[in-house]
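To start, the structure under review is shown below, and the notes come after it.
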Amino acid sequence: MVTALCQRTVALGWILFAQLLYGSCASAADLIIESSAVPLSPYLQQQVVYTIHLYRKSHLQLGYFLTPEVPEVLIRAAAPSPPVIVTREGDEYELLEQRYLLFPQRSGKIELPAPVFSSRHLFVRGEPLTLDVQPPSSGEHANSWIVAEDLQLNEEWNAPDSPWRVGDPLERRITVQATGMTAAQLPEINALSQPGLRLQNLPGELHEEVTDNGLRSSRVTRLRLIAERSGEWELAPVRIRWWNSNNNSAVVNVLPGRRLTIVEALSQTESVEISAPVADPPISGEWTDAEHWRAPGIATVASLLSLPMIWLAYRLQLFPRLTQYAFRLHLCLRLLLACLRQSPSEIRVILQRGVELHSGRRGAFSLISLARQMERPETAEVLLKLDATLYSASKDKQWRCRGTTRHLLSTLNRPPGKASERKTIDLPPLWRAQSTRDRRE
């Protein structure tokens, strides 16, 4: 009997191995991988959309695209496109696409490696591509070469109301936005100080976002201007020359100049007259003894009259209740703000604080145990969804507070009930003492 069982086990193992080997070969044969690059002859630093196309017969043929690594090329990965059903040469396939945005940093021939899609049981390789990168267009200086599909230049001022006076900080924010460029490639705005007008460079900002049209980048330059004397200053226009890759032409964006008029700062007398409060009119005559003691006497009588009210509030234990009510209101406001920020981790902490407020002590806390104590199934479902968003292994998890706020507020304001006694034991005991009868046996 044992020999027959071993023979069946060995036979089953060989069958599984054969199926695995045959399935891997068949799966690899059913895969088609291709790649494309647009444009194939880009300019130096121009955006190239590199797309890998994978055709598979079954969605069970799982794997990953190998991210290309190309020397002297900046790479930005875009989000993968959802699979679609297509027909190729009379056969039906499921098409997967993965885009990468490439930015070559040198001119000449650059070879892109063959696209690869692989997993534990699958491996398929395509054909490599070659980019013919062109140098900057004739007549354009290499050090100031900027190539993009679109570029915008604008500014805004953060300053006090006019008239501007000596010593007022005037902040100028100049923003350069472009499509088809990285944020690091956007030009920096350099301004020079003038006699009597001090210039300070504040920390700038860089932003990047991968969109359907390509990489959208922006650079924010912050300048603070402080006039040291009154007068007028002319700010020179800001010009950016760039190459439009859509129509292969040079474009110049101009930010107009501006005249600054600064007046004298307020004198000390004027500032005192403006900011000093109006004093009460003097009281004629001298105070009598009764008037001298009137204010302290009123304060003393008011304090004595308030003592019975304070004693009554203490006897009725109103102070802890008011404190608890104020803290609960504070938690409600924090919960609403956390819902606006779509922050599940912050919501969990606030719910834990609410449970501690109702129970009066701290202890182990979990959203699953709290959900089991809820009377309404809808509220329990919201808490379980919040726990799954925080701790599940799903890659496509995202918390949205829409439709859940009232359930969360209800959980926060109502004390949780007792856990169900029918709850199954999650973990068995580590050991159990044997009875005298068991030890004898």
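The values are calculated or read from the model by the stated rules, or taken from the named source; none is laboratory data. Bear in mind that the values here come from a model prediction, so they are computed numbers and not experimental data. We place every Cβ from the backbone using ideal geometry, glycine too, and count neighbours over all the protein chains shown. All accessible areas refer to the heavy atoms of the entire protein, side chains included, with ligands and DNA or RNA removed. Shrake-Rupley method; radii C 1.70, N 1.55, O 1.52, S 1.80 Å.
Table for the structure above
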read-out: Residue in the stretch 71-89 that is crowded, with 17+ Cβ neighbours inside 10 Å, touching a residue at least 40 places away in the same chain (Cβ under 8 Å), in a loop (DSSP other than H, G, I, E, B) and at negative phi present; value: yes
read-out: Test: LEU206 is loosely packed, with under 15 Cβ neighbours inside 10 Å, at pLDDT 90 or above, part of a strand (DSSP E or B) and not polar (S, T, N, Q); value: yes
read-out: The stretch 239-267, subset surrounded by 11 or more Cβ atoms within 10 Å (Cβ to Cβ) and of a type in the set (Lys, Arg), residue modelled with the highest pLDDT; value: ARG241
read-out: So PHE103, is it within 23 Å of ILE146 (Cβ to Cβ) and modelled with pLDDT of 90 or more; value: yes
read-out: Residue selected from the stretch 328-362 under the condition surrounded by 13 or more Cβ atoms within 10 Å (Cβ to Cβ) and either aromatic (Phe, Trp, Tyr) or not in a helix (DSSP H, G or I) (or both), by the criterion modelled with the lowest pLDDT; value: GLN342
read-out: Output for the stretch 90-130, where each listed residue is touching a residue at least 60 places away in the same chain (Cβ under 8 Å), of a type in the set (Ser, Thr, Tyr) and closer than 16 Å to ILE33 by Cα; value: TYR93
read-out: Subset of the stretch 115-134 (residues that are open to solvent by 50 Å² or more (accessible area, probe 1.4 Å) and touching a Phe, Trp or Tyr at 6+ places or on another chain (Cβ under 6 Å)); value: GLN134
read-out: Top-ranked residue of the stretch 154-185 - restricted to ones that are farther than 23 Å from VAL251 by Cβ and among the aliphatic types (A, V, I, L, M), ranked as modelled with the lowest pLDDT; value: ALA159
read-out: Among the candidates GLU228, GLU209, residue that is farther than 16 Å from ARG258 by Cα, touching a Leu at 6+ places or on another chain (Cβ under 8 Å) and free of Cβ contacts under 8 Å to residues at least 24 places away in the same chain; value: GLU209
read-out: Contacts under 8 angstrom Cβ, first residue in the stretch 236-265 being among the hydroxyl-bearing types (Ser, Thr, Tyr), partner assigned to a loop (DSSP other than H, G, I, E, B) and surrounded by fewer than 16 Cβ atoms within 10 Å (Cβ to Cβ), 6 or more apart; value: THR261/PRO163
read-out: Failed item in (1) over 30 Å from ARG241 (Cβ atoms); (2) open to solvent by 30 Å² or more (accessible area, probe 1.4 Å), with LEU112 passing the rest; value: (2)
